[in-house]
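Here the structure is laid out as structure tokens; the discussion comes afterwards.
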Amino acid sequence: MHIEQHILDQANAWMTSTFDQETQQEIERMITSAPKELEDAFYKNLEFGTGGMRGIMGVGTNRINKYTLGKNTQGLSNYLKKCFPEEVLKVAIAYDCRHNSNTLAKVVADVFSANGIHVYLFSELRPTPELSFALKYLKCHVGIVLTASHNPPEYNGYKVYWQDGGQIVPPQDGEIIKEIESLDYNAIQFSANEELIHYIDTEIDEAFVKSTIENASFNTPKEAKENLKIVYTSLHGTSIKAIPAVLTEAGYTDLNIVKEQEIPDGSFPTVKSPNPEEPEALTMALELAEKIGGDIVVGTDPDSDRLGVAVRDNDGKMILLNGNQTMVIMTAYLLEQWKRAKKLSGNEFIGSTIVSTPMMLELASAYEVECKVGLTGFKWIAKFIKDFPNQKFIGGGEESFGFMVGDAVRDKDAVAATLLICEIAAQAKASGSSLFRELQNLYLDYGFYKEHLISITKKGIEGANEIKQMMIDLRENPMKSINGQRVICIEDYQTSKGKDLMNNETFEITIPKSNVLIYYLEDGSKICARPSGTEPKIKFYFSVNAPLESIAKYQEVEEQLNQKIQDIISEMQLIN
């Protein structure tokens with residue numbers, strides 16, 4: 001295979017004394033015997049996406065390694081000094097269970113300390129939401145988590161959080177990227193000042209548990225808590241460091257942990273993917289629930305920001321809820337609790353995203369609060385909290401199995417969400433209902449909303465080009481009708497323009513630009529397309545709805561909505 005000159009130039013730049021011998025030997029191997037591997041490792045620089053920077057570990061500019069992370073950290077150090085020239089700078093760092101996370105976290109700590117910045121480093125793996133909490137608790141300027149969330153084992157990543165506890169957003173992300181790109185690799189200061197590296201653990205853990213219980217528990221009777229049989233799995237991830245402690249401290253005594261998945265392990269040996277969005281990931285937890293008669297199953301992803309939930313349906317069968325369903329259950333419950341406590345003044349808001357269920361808007365309307373809708377990613381919900389300090393944030397989520405309770409943590413938080421969903425389940429069971437029945441009751445009140453996501457994977461350079469072309473086609477040759485329903489509106493978040501096709505009027509979109517396209521159909525259906533910011537995928541989100549007149553008609557209406565989604569997918573010729 002012929003290696004293009006610009007890729008050889010990039011690779012040869014890493015064959016200098018700035019880089020260690022091991023790195024140079026690996027590049028030599030790729031040049032001589034793995035040119036395709038070399039091309040993928042050097043054809044671009046890793047970029048910040050919706051969840052920070054994430055990629056495959058290895059040698060090269062398009063890989064996660066000590067040099068790409070070192071360069072990020074050096075650039076961030078320079079940026080912090082410009083932003084806070086008179087302040088003693090402080091950074092908090094956490095990491096997850098992934099291979100090399102601990103050593104990469106130490107590299108990042110070394111670079112910050114070498115730049116005269118105080119570092120507060122967890123000595124062991126911790127959940128991502130605990131980092132957001134620790135950053136605010138310790139009054140740090142920035143926080144870093146070494147994680148690739150739910151990606152496959154070969155990935156790792158680098159999430160950056162700002163003073164408010166939320167991930168960085170424009171314009172800061174662009175300014176930081178410019179600072180990073182202006183650097184050569186030989187500018188990285190790797191020689192640690194160990195006196196500036198402080199290890200943190202117990203104090204933060206205790207404060208985090210206390211804060212979580214204060215925010216996510218709601219006077220559930222002691223007997224109701226003890227009567228809820230919980231099955232929980234950390235999927236080999238970090239939540240084992242927090243969720244058992246939180247549930248136990250909150251009074252839940254019947255906690256059953258999937259032992260085979262309890263020990264943190266970056267190889268994730270018992271699952272194909274450590275992603276609670278994938279039904280297969282919760283197989284072992286569901287088996288345990290059947291064996292012991294569990295009421296609820298909760299599974300979290302490796303860095304403990306997402307949770308998957310399974311509950312018993314009206315026939316006693318365990319079924320998996322999707323992220324939209326858990327989000328509306330938790331949001332509706334929080335709204336009702338705030339209403340009962342007479343805390344709703346009309347100056348509150350809930351948060352959601354443009355690809356999540358429109359049912360969130362219905363809930364907000366019913367309780368006379370605002371639903372702020374942003375781009376995909378919890379950094380936008382965190383930004384709402386920062387941008388609107390005079391409004392109170394109740395809670396919010398997104399379809400990808402993330403939820404945030406209050407503002408103590410400014411990112412999706414599977415620790416607090418696990419406690420909250422257990423509170424709702426315990427109270428429902430004690431009153432002769434169930435989580436599933438509570439969901440059905442919401443559908444009776446607000447309409448039966450059904451969502452579905454398909455992700456089409458396209459790897460490498462060719463894949464990136466295919467995804468790009470799919471988005472171009474959807475923009476330049478828009479469908480006029482889908483499944484017999486007219487397209488009545490198209491929103492293009494890349495151009496910040498929407499078009500109402502019923503009266504041929506265009507309108508401005510005030511949400512920040514993003515490569516997202518949404519089609520609205522005349523029957524209330526919604527179809528959204530977007531390339532993933534962190535994985536080589538293009539994602540299609542479908543939302544359909546219909547009235548639900550009675551619980552007895554639940555299955556019939558669900559089948560109709562499922563069929564409608566499949567018909568839309570078929571007509572759009574998408575691989576399901």
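The values are calculated or read from the model by the stated rules, or taken from the named source; none is laboratory data. Owing to the predicted nature of the structure, the values given are computational and were not obtained by experimental measurement. Methodologically, a virtual Cβ is constructed for each residue, glycine included, from the backbone with ideal geometry; neighbour enumeration extends over all protein chains shown. To get the accessible areas, we keep the full protein, side chains included, count just its heavy atoms, and leave off ligands, DNA and RNA. Shrake-Rupley method; radii C 1.70, N 1.55, O 1.52, S 1.80 Å.
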**OP:** Could you run through segment 41-53 and say how many residues are touching a helix residue (DSSP H, G or I) at 6+ places or on another chain (Cβ under 6 Å) and in a helix (DSSP H, G or I)?
**Re:** 1
Subject >> Residue count for segment 550-576, restricted to those that are acidic (Asp, Glu), over 30 Å from Ala464 (Cα atoms) and in contact (Cβ under 8 Å) with a residue 40 or more places away in the chain >> reply: 1
**OP:** Restrict the check to segment 202-218 and report whether at least one residue is open to solvent by 60 Å² or more (accessible area, probe 1.4 Å), in contact with a strand residue (DSSP E or B) (Cβ under 8 Å, 6 or more places away or on another chain) and outside any loop (DSSP other than H, G, I, E, B).
**Re:** no
Subject >> Verdict on Glu491 being open to solvent by less than 40 Å² (accessible area, probe 1.4 Å), assigned to a strand (DSSP E or B) and either on the phi < 0 side of the Ramachandran plot or of a type in the set (Phe, Trp, Tyr) (or both) >> reply: yes
Subject >> Residue within segment 451-460 that is farther than 19 Å from Met572 by Cα, modelled with pLDDT of 90 or more and either touching a Lys or Arg at 6+ places or on another chain (Cβ under 6 Å) or not hydroxyl-bearing (Ser, Thr, Tyr) (or both) present >> reply: no
Original post:
How many residues does segment 498-530 hold that are open to solvent by less than 30 Å² (accessible area, probe 1.4 Å) and part of a strand (DSSP E or B)?
Top reply: 10
Subject >> segment 497-512 residues that are in contact (Cβ under 8 Å) with a residue 12 or more places away in the chain and under 19 Å from Ser481 (Cα atoms), paired with ones that are open to solvent by 80 Å² or more (accessible area, probe 1.4 Å) and not in a loop (DSSP other than H, G, I, E, B) (beta carbon under 9 Å, 6 or more apart) >> reply: Asp500/Thr506; Leu501/Arg486; Met502/Arg486
Original post:
Ser365 versus (1) in contact (Cβ under 8 Å) with a residue 40 or more places away in the chain; (2) under 26 Å from Phe542 (Cβ atoms); (3) small (Gly, Ala, Ser): which is the lone unmet condition?
Top reply: (1)
**OP:** Could you identify the single residue in Val59, Val108, Val88, Val119 that is among the β-branched types (Val, Ile, Thr) and out of contact with any strand residue (DSSP E or B) (no Cβ under 8 Å at 6 or more places or on another chain)?
**Re:** Val59
**OP:** Consider only pairs whose beta carbons are under 6 Å apart and that are at least six residues apart or on different chains; among these, list those whose first residue lies in segment 464-485 and is under 15 Å from Ile568 (Cα atoms) and outside any helix (DSSP H, G or I) and whose second residue is at pLDDT below 95 and open to solvent by 50 Å² or more (accessible area, probe 1.4 Å).
**Re:** Ile482/Glu571; Asn483/Glu571
**OP:** Name the one entry in Glu130, Glu124, Glu175 that is assigned to a helix (DSSP H, G or I) and open to solvent by 30 Å² or more (accessible area, probe 1.4 Å).
**Re:** Glu175
Original post:
Does any residue of segment 151-169 turn out to be within 20 Å of Tyr79 (Cα to Cα), acidic (Asp, Glu) and in a loop (DSSP other than H, G, I, E, B)?
Top reply: yes
Original post:
If we only count strands (runs of 3 or more DSSP E) wholly inside segment 235-314, which ones have 3 or more residues that are in contact with a helix residue (DSSP H, G or I) (Cβ under 6 Å, 6 or more places away or on another chain)?
Top reply: 296-300, 307-312
**OP:** Search segment 293-309 for residues being more than 21 Å from Phe268 (Cα to Cα) and not charged (D, E, K, R), and hand back the single one that is most open to solvent (accessible area, probe 1.4 Å).
**Re:** Gly293
Subject >> Per-region count, segment 133-153, residues out of contact with any His (no Cβ under 8 Å at 6 or more places or on another chain), touching a residue at least 60 places away in the same chain (Cβ under 8 Å) and not aliphatic (A, V, I, L, M) >> reply: 9
Original post:
Of the residues that make up segment 47-60, is at least one among the basic types (Lys, Arg) and either within 11 Å of Ala11 (Cα to Cα) or over 24 Å from the mean Cα position of the chain (by Cα) (or both)?
Top reply: no
Subject >> Residue check, Glu226 open to solvent by 10 Å² or more (accessible area, probe 1.4 Å), at pLDDT below 95 and not polar (S, T, N, Q) >> reply: no
Original post:
Only one of (1) under 23 Å from Val111 (Cα atoms); (2) open to solvent by 50 Å² or more (accessible area, probe 1.4 Å); (3) assigned to a helix (DSSP H, G or I) is not met by Ile56, so which one is it?
Top reply: (3)
**OP:** Consider Gly143 carefully, then state whether it is farther than 30 Å from Gln337 by Cβ, outside any loop (DSSP other than H, G, I, E, B) and open to solvent by less than 50 Å² (accessible area, probe 1.4 Å).
**Re:** no
Original post:
Limited to segment 39-88, what total is found for residues that are more than 16 Å from Thr23 (Cβ to Cβ) and among the basic types (Lys, Arg)?
Top reply: 4
Subject >> Every pair of residues 6+ apart whose Cβ atoms lie under 7 Å, when the first sits in segment 166-188 and is within 20 Å of Cys140 (Cα to Cα) and touching a residue at least 12 places away in the same chain (Cβ under 8 Å) while the second is in a helix (DSSP H, G or I) and open to solvent by 80 Å² or more (accessible area, probe 1.4 Å) >> reply: Gly166/Lys386
Original post:
Which of the helices (runs of 4 or more DSSP H) contained wholly in segment 362-449 include at least 3 residues that are out of contact with any helix residue (DSSP H, G or I) (no Cβ under 6 Å at 6 or more places or on another chain) and either more than 22 Å from Lys229 (Cβ to Cβ) or open to solvent by 20 Å² or more (accessible area, probe 1.4 Å) (or both)?
Top reply: 378-387, 435-446
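Yes or no, residue by residue, for (1) within 22 Å of Ser234 (Cβ to Cβ); (2) open to solvent by less than 10 Å² (accessible area, probe 1.4 Å); (3) within 26 Å of the chain's Cα centre (by Cα):
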position: Ala94; (1), (2), (3): yes, yes, yes
position: Ala109; (1), (2), (3): no, yes, yes
position: Ala148; (1), (2), (3): yes, yes, yes
position: Phe190; (1), (2), (3): no, no, no
Original post:
Do we find a residue being at pLDDT 95 or above, surrounded by fewer than 22 Cβ atoms within 10 Å (Cβ to Cβ) and over 27 Å from the mean Cα position of the chain (by Cα) anywhere in segment 62-78?
Top reply: yes
Subject >> Looking only at segment 531-563, and only at residues there that are part of a strand (DSSP E or B) and hydrophobic (A, V, I, L, M, F, W, C), the one that is most open to solvent (accessible area, probe 1.4 Å) >> reply: Ala546
**OP:** Kindly indicate which of Lys241, Lys159 is open to solvent by 40 Å² or more (accessible area, probe 1.4 Å) and either modelled with pLDDT of 95 or more or not aromatic (Phe, Trp, Tyr) (or both).
**Re:** Lys241
